[in-house]
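Below is one structure; the comments refer to it alone.
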Amino acid sequence: EIDLNMKNFRPCRETIGSIYKIGVPSILMQSLGSLTTFCMNNILLMFTSTAATVFGVYFKLQSFIFMPVFGLTNGMIPIVAFNYGARNKKRIQQTIKLSVVIAVSIMLAGLALFQLAPTSMLRLFDASEHMLEIGVPALRTISLSFVFAGYCIVTSSVFQALGNGVYSLVLSLARQLIIIIPVAFAFAKLFGLDMVWYAYPIAEVASVIICSVLLKRIFRLKLKNLEQE
């Protein structure tokens, strides 16, 4: 029904530029996780290899909590983007609010699990007593960041949906690199291993402030008068 002829296709600099304006921040955000893990492992190896092992176990466990939230945002992005094109401000706001509520609820369930059953979770990986000694407080401390992370993940996806990939990049840099690594290194030098894990809650709380300011700005610039336009 549709006849496509490639000889009629011509590269459009504006279209390619708009694609990469959103795509490049997403590419960089995907690479941040590996860079953060590399830096954190080097900080933890200052103490013991068991601490780095605990960190690796945490990453495997937290994926079960974070994956549903990422799935939620993957479904949210097209809804927000389509309704932005349709100038339906009300539905955009409803979608964002519902996504935040669901994401935070998932994270609250994860927080409860990490607080109540860290020993059982670590024993799934044949944890030694030394590993439990380090891992139990680590899981309980890092999980304090979950609720804040849920809000930040949804907000970051809203930025992408509205065509502000740079905002998402700024938020991801703050959450996963700019704040967390210096704080973790400083705490490692000043207070010891037990305080290193607090870098995660501190980074997420700071990121909530950043993403709230950016979200308020994007609402003012793009959504405030959307229906009138």
Check your understanding: What relative contact order, as a whole-number percentage, does the chain give when Cα pairs under 8 Å and 6 or more residues apart are counted?
Key -> 26 percent
**Study point:** Label point distance in nm, residue 13-residue 60, each placed 7 Å from Cα along Cα→Cβ
**Key:** 5.1 nm
Exercise for review: Sort 54, 136 from largest to smallest accessible area, using a 1.4 Å probe on the heavy atoms of the protein chains.
Suggested key: 136, 54
Point to revise | Net lengthening on full extension, residue 4/residue 195 (0.36 nm per residue, minus Cα-Cα) | key: 62.7 nm
Point to revise | Check: the stretch 162-223 dipole with +1 on Lys, Arg Cβ and -1 on Asp, Glu Cβ, in debye | key: 380 debye
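With the convex hull built on the Cα atoms of the chain, state its orientation-averaged projected area in nm².
Its average projected convex-hull area is 16.2 nm².
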Practice item. Compute the separation of the alpha-carbon centres of the stretch 199-229 and the stretch 1-76 and state it in Å as a whole number. Key: 21 Å
**Study point:** Test item: Cα-centred dipole of the chain, Lys/Arg +1 and Asp/Glu -1 on Cβ, debye
**Key:** 960 debye
Practice item. Filter the cross-link list 60/216; 60/90; 21/216; 60/97; 97/222 down to pairs whose alpha-carbon distance in this structure exceeds 27 Å. Key: 60/216; 60/90; 60/97
Check your understanding: So how far apart, in nm, are the two label points at residue 125 and residue 102 if each is 7 Å from Cα heading toward Cβ?
Key -> 3.0 nm
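In the chain, which whole DSSP H runs stretch at least 24 Å along their own axis (Cα) and average -0.5 or higher on the Kyte-Doolittle scale?
Going by DSSP H runs, the hits are 13-44, 49-85, 89-116, 199-218.
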Check your understanding: At what distance in nm do the modelled label points of residue 117 and residue 38 sit from each other, each positioned 7 Å from its Cα along Cα→Cβ?
Key -> 3.6 nm
Review point. What is the gain in length, in nm to one decimal, between residue 212 and residue 47 on full extension, counting 0.36 nm per residue of separation less the C-alpha to C-alpha distance?
Key: 55.8 nm
Revision key, fill the gap. With the 1.4 Å probe rolled over protein heavy atoms, the chain has an accessible area per residue in Å² of 55 Å²
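The values are calculated or read from the model by the stated rules, or taken from the named source; none is laboratory data. On a predicted model such as this, the values are computed, not experimentally measured, just so you know. As a convention, Cβ positions derive from the backbone with ideal geometry for all residues, glycine included, and neighbour counts pool all protein chains shown. Surface accessibility is based on the protein's heavy atoms, side chains included, excluding ligands, DNA and RNA. Shrake-Rupley method; radii C 1.70, N 1.55, O 1.52, S 1.80 Å.
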